[in-house]
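Novice: Handing you this structure, nothing more for now.
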Amino acid sequence: MARFELKLPKMGESVAEATITNWLKAVGDKIEMDEAVLEIATDKVDSEVPSEVSGILVEQLFQKDDLVQVGQTIAIIETEGGAVVPAPVAAVEVPTPIAAVEEVVKTVEAAREYVAAPTPSQTISNQPQDYTHSEKFFSPLVRNIAKEEGVSVAELESISGTGNDGRVTKNDILDYIKNRGNAPVAQAAPAVSQPTVVTPSVAEVPQPVVNNQQPATPNAQPKAVPVSVNGQDEIIEMDRMRKLISGYMVQSLQTSAHVQSFIEVDVTAIWDWREKNKNAFEKREGEKLTFTPIFMEIVAKALKDFPMMNISVDGDYIVKKKNINLGMAAALPNGNLIVPVIKNADQLNLLGMAKAVNDLGNRAKAGKLKPDDTQGGTYTVTNVGTFGSVFGTPIINQPQVGILALGAIRKVPAVIETPEGDFIGIRKKMFLSHSYDHRVVDGALGGSFVKRVADYMEAFDESRSF
């Protein structure tokens, strides 16, 4: 028998960690090669981790909701036959009981020569913090900053938030970290009255750890569950993705100064051209021709005309993006939202754009998107008209500075200007709603950009080929 280490695979250049959402196999279960062992999730995408070998699952090194780094061993599978990657061996050899006691005594006696009162910075725990069990809501950005700076759960909960409903914002935690050395550090438990022994350069005595998990806090209180007031209301806990979306939306509103520009556009030429060519397009290319790739092609063209809409904000600096990567907001069957990204959209012709739109849309609905499919967007388009909305006021997808909402296409009476005079006719029209970050995009730029998109739509060449 041999033991194989199942590691968290690399899921993309921009993905360094993932959360375990569900174990599909229990300890003792038989696993076939390429069979899914567990489900994981990054910020936006869920996926499965398959086994590279056949065997028996003998150990789960992490539990549900644990955060795992790419490359970490997450399970041990026992196989038959040839040599495989050996299971991890304990780094510290366990000595005989007498030798262990003598070593501890020597360590303590030597350490007493260095006894000193701990400073606030020394009391900060080096153990990974789990902020998900806190009673307070913290956005993913705040949690990441806290994790990187070693801010404990107790410290994070002690920060007075300036956001909606007292939520801790990015500026709140950065201010706290900046002034951290001048204020006492919040402790999760009362300080022990006996002095703390600081033992630099001395190996710690190993403590028993089960499945790489820290011992549960003895006085940990179960999370309170809201109770229906009248006994008839249904209480539904938000799923993981809805919690993430909630955090992203609140963070965006707290970060950007949202302002909108609206414009009505005549898309009769686009409507008529698509009706005339959609069947031939699908027959020849094997791809459905929807309005989305046509609109995305036009938006990419307008972004080339207005490169200062294809930017992001980093503190006091503006990052002007070289590539035009269009995010395509898509609703999932469960009601959640995801934004896959069309990379280098300005370099695609209509066929290439149609293939990209259809591929990302189909994989989004099937839950088959990869983590990199949702990374690197520089501007986002959302089609609110899919659900019959005339227009909307979308929230900016951070760290971008603009998002365009496409309203429903409607048949409306309109004044048509001709050399022979004006007359009333039936036209296909829609509203474009442009939300942009007023910190760096003024009304002139935001309004001019959406006007350019409208101009390209109305000037669409009905004689063009596909």
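Novice: For segment 313-333, how many residues are assigned to a loop (DSSP other than H, G, I, E, B) and touching a residue at least 24 places away in the same chain (Cβ under 8 Å)?
Specialist: Restricting attention to segment 313-333, the residues satisfying the condition of being assigned to a loop (DSSP other than H, G, I, E, B) are 315-316, 321-325, 332-333.
From what's left, touching a residue at least 24 places away in the same chain (Cβ under 8 Å): 321, 323-325, 332-333.
Summing the residues that are assigned to a loop (DSSP other than H, G, I, E, B) and touching a residue at least 24 places away in the same chain (Cβ under 8 Å) in segment 313-333 gives 6.
Novice: Do you know which residues across segment 146-165 are farther than 15 Å from N179 by Cα and of a type in the set (A, V, I, L, M)?
Specialist: V153, A154
Novice: Could you tell me which of the residues I270, I311 is under 14 Å from F466 (Cβ atoms) and either surrounded by fewer than 17 Cβ atoms within 10 Å (Cβ to Cβ) or modelled with pLDDT of 95 or more (or both)?
Specialist: On the way: I311 fails: under 14 Å from F466 (Cβ atoms).
Step by step, each of I270, I311 is checked, and only I270 is under 14 Å from F466 (Cβ atoms) and either surrounded by fewer than 17 Cβ atoms within 10 Å (Cβ to Cβ) or modelled with pLDDT of 95 or more (or both).
Novice: Okay, next question. Within segment 365-391, which residues are surrounded by fewer than 19 Cβ atoms within 10 Å (Cβ to Cβ) and not basic (K, R)? Outline the logic, then answer.
Specialist: Applying the first criterion (surrounded by fewer than 19 Cβ atoms within 10 Å (Cβ to Cβ)) to segment 365-391 yields 365-368, 370, 372, 376, 386-390.
The answer is A366, G367, D372, G376, T386, F387, G388, S389, V390.
Novice: Continuing with the same structure: Look at E264 and say whether it is in the same structural domain as A414 (by TED's automatic domain parsing) and at pLDDT below 95. Working first, answer last.
Specialist: Values: in the same structural domain as A414 (by TED's automatic domain parsing): yes; at pLDDT below 95: no.
Criteria not met by E264.
Novice: Can you tell which of K365, K278, K321 is basic (K, R) and more than 25 Å from the chain's Cα centre (by Cα)?
Specialist: On the way: K365 fails: more than 25 Å from the chain's Cα centre (by Cα); K321 fails: more than 25 Å from the chain's Cα centre (by Cα).
Being basic (K, R) and more than 25 Å from the chain's Cα centre (by Cα) holds for just one of K365, K278, K321, which is K278.
Residue by residue, here is whether (1) within 25 Å of the chain's Cα centre (by Cα); (2) buried (at least 17 other Cβ atoms within 10 Å of the Cβ) holds:
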position	(1), (2)
L404	yes, yes
I409	no, yes
P413	no, no
G421	no, no
A444	no, no
S463	no, no
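Novice: How many residues are buried (at least 17 other Cβ atoms within 10 Å of the Cβ), among the charged types (D, E, K, R) and farther than 23 Å from S389 by Cβ if we restrict to segment 424-442?
Specialist: Number satisfying all stated conditions: 0.
Novice: Right, something else. Scan L348, L303 and give me the residue that is touching a Phe, Trp or Tyr at 6+ places or on another chain (Cβ under 7 Å), of a type in the set (A, V, I, L, M, F, W, C), surrounded by 15 or more Cβ atoms within 10 Å (Cβ to Cβ) and assigned by TED's automatic domain parsing to the domain that holds Y436.
Specialist: Values: L348 fails: touching a Phe, Trp or Tyr at 6+ places or on another chain (Cβ under 7 Å).
So the residue among L348, L303 that is touching a Phe, Trp or Tyr at 6+ places or on another chain (Cβ under 7 Å), of a type in the set (A, V, I, L, M, F, W, C), surrounded by 15 or more Cβ atoms within 10 Å (Cβ to Cβ) and assigned by TED's automatic domain parsing to the domain that holds Y436 is L303.
The values are calculated or read from the model by the stated rules, or taken from the named source; none is laboratory data. Computed from a predicted structure; not experimentally measured. We place every Cβ from the backbone using ideal geometry, glycine too, and count neighbours over all the protein chains shown.
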